[in-house]
Amino acid sequence: MWAELLPVGRSASSGGYRRHAWNAADAECRAWFEEQARSRGLTYELDRNGNQWAWLGDPQGEGAIVTGSHLDSVPDGGAFDGPLGVVSSFAALDGLRDRGAEFSKPLAIVNFGDEEGARFGVACVGSRLSAGLLTPEQARELRDANGVRLPDAMERAGQDPDAIGADAERLARIGAFVELHVEQGRYLAEDQPVGVAGAIWPHGRWRFDFHGEANHAGTTRLDDRHDPMLTYATTVLAARKKARQAGALATFGKIAVEPNGTNAIASLVRGWLDSRAADEATLDELVAAIAQAAAERGERDGVKVELVRESYTPVVDFDVPLRDRLVGALGGVPVLPTGAGHDAGILASAVPTAMLFVRNPSGVSHSPAEHAEVADCLTGVAALTDVLEDLACQ
């Protein structure tokens, strides 16, 4: 399974993956998921929000145990973030069948669509829609960098955009969701190969619009400029300093410039901030401090600064009884914090959820250098198999 997925959407130049929502690589991944489901005799479903489901047992049954993750990537992302959870889920099901396990509850494997938000700017679109945390109206307004609307991209890929929306009845039938994921840090690097998530830090994405004045780079005196790039650059430095002071995280990783000419002073710079903290109060204070620094610098530069919050996820404490059950089933593995968002965190508002992490020796993620050793991945599959047997076969 891993070998089949490895080349899909991989850039020959960077070695990273470009599996973005509703593009050709995404379609190939989705076709792969459907084939894996049908080859195992599972009932395949595509829900109203484009999420894929593979069912063992009655899809309408109550108390279903669900596992899985996502197959899309960030721009030039790694091979493990998302796909490891999906591949491990199918492998765990195979392992349960090899054990002769007798299922007492329906079991499903899911591939949530557009988890990374690489194309339309909002993370976890598929799970957010299903949980009612993103409205159909909000989703239909999303556009990619080329101006393509999310509904148009979905329609071109064969999905009905008019059907999107909350899927409360489906979620009500789920007894628990367990997502396996490569660790995106190094808490496990010196310890055991598998751990359980305790909580997800609150996090969000904010767009800063810096409005300046276009002018000639070679003839406009420095004192006569209203250069939004200067305000943006100063804001990036302020974000780093204030995040360090708060013990939090702040990252400007995406930028758009108009008119984007080498010999032209920009008229508009858009910068996207990703920020995360251990608690919501700290996060809110941090973003406010960055916004204040941007506004103060903008006033000096003659640049107008506007701030738009594009997404926000409050702190997620995973279901404690489920978490403790996983820890017990695995013989007392470590419980870890995480600053990364996941579909499991989105579903936690409606479904008991938990996460397993597989050791990442370098701690590098969202990069072609992302890695997990084969032995650790197999340990992760074994752990997921034990967890699913405990939950679905009692």
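The values are calculated or read from the model by the stated rules, or taken from the named source; none is laboratory data. Because the structure is a prediction, the values reported are computed rather than measured. Don't worry about glycine lacking a Cβ; one is built from the backbone with ideal geometry, like all the others, and counts go over all protein chains shown. Accessible surface areas use protein heavy atoms only, side chains included; no ligands, DNA or RNA. Shrake-Rupley method; radii C 1.70, N 1.55, O 1.52, S 1.80 Å.
Numerical summary
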| quantity | calculated |
| --- | --- |
| Filter result (out of contact with any helix residue (DSSP H, G or I) (no Cβ under 8 Å at 6 or more places or on another chain) and open to solvent by less than 60 Å² (accessible area, probe 1.4 Å)) within segment 289-306 | 291, 295, 302 |
| Test: residue 106 is under 24 Å from residue 390 (Cβ atoms), surrounded by fewer than 19 Cβ atoms within 10 Å (Cβ to Cβ) and more than 18 Å from the chain's Cα centre (by Cα) | no |
| Residues of segment 148-169 that turn out to be surrounded by 18 or more Cβ atoms within 10 Å (Cβ to Cβ), over 20 Å from residue 347 (Cβ atoms) and of a type in the set (Asp, Glu), as a count | 0 |
| Residue in segment 292-306 that is acidic (Asp, Glu) and within 30 Å of residue 70 (Cα to Cα) present | no |
| Some residue of segment 333-354 being at pLDDT 95 or above, closer than 21 Å to residue 192 by Cα and within 17 Å of the chain's Cα centre (by Cα) | yes |
| The listed residue being open to solvent by 10 Å² or more (accessible area, probe 1.4 Å) and among the hydrophobic types (A, V, I, L, M, F, W, C), out of 37, 21, 12, 54 | 12 |
| Enumeration of residues in segment 357-386 that are farther than 15 Å from residue 90 by Cβ and touching a helix residue (DSSP H, G or I) at 6+ places or on another chain (Cβ under 6 Å) | 358, 359, 386 |
| Candidate set: segment 330-339, residues that are assigned to a loop (DSSP other than H, G, I, E, B) and open to solvent by 20 Å² or more (accessible area, probe 1.4 Å); chosen: the one nearest to residue 115 (Cα to Cα) | 339 |
| Among (1) open to solvent by less than 40 Å² (accessible area, probe 1.4 Å); (2) in contact (Cβ under 8 Å) with a residue 40 or more places away in the chain; (3) assigned to a loop (DSSP other than H, G, I, E, B), the one test that residue 145 misses | (1) |
| Hits in segment 126-167 - residues which are small (Gly, Ala, Ser) and either closer than 17 Å to residue 116 by Cα or in contact with a Gly (Cβ under 7 Å, 6 or more places away or on another chain) (or both) | 126, 127, 130, 131, 139, 145, 153, 166 |
| Single match in 328, 345 (criterion: of a type outside the set (Ser, Thr, Tyr), out of contact with any Phe, Trp or Tyr (no Cβ under 6 Å at 6 or more places or on another chain) and under 14 Å from residue 85 (Cβ atoms)) | 345 |
| Some residue of segment 297-309 being free of Cβ contacts under 8 Å to residues at least 24 places away in the same chain, of a type outside the set (Lys, Arg) and within 30 Å of residue 222 (Cβ to Cβ) | yes |
| Hits in segment 372-393 - residues which are assigned to a helix (DSSP H, G or I) and either among the aromatic types (Phe, Trp, Tyr) or touching a strand residue (DSSP E or B) at 6+ places or on another chain (Cβ under 9 Å) (or both) | 376, 377, 379, 380, 381, 382, 383, 384, 387, 388, 391, 392 |
| All positions within segment 315-325 that are surrounded by fewer than 15 Cβ atoms within 10 Å (Cβ to Cβ) and in contact (Cβ under 8 Å) with a residue 40 or more places away in the chain | 317 |
| Filtered residues of segment 120-159 (kept if within 25 Å of residue 67 (Cα to Cα) and charged (D, E, K, R)) | 128 |
| Boolean, residue 209 is at pLDDT 95 or above, under 26 Å from the mean Cα position of the chain (by Cα) and farther than 22 Å from residue 74 by Cβ | yes |
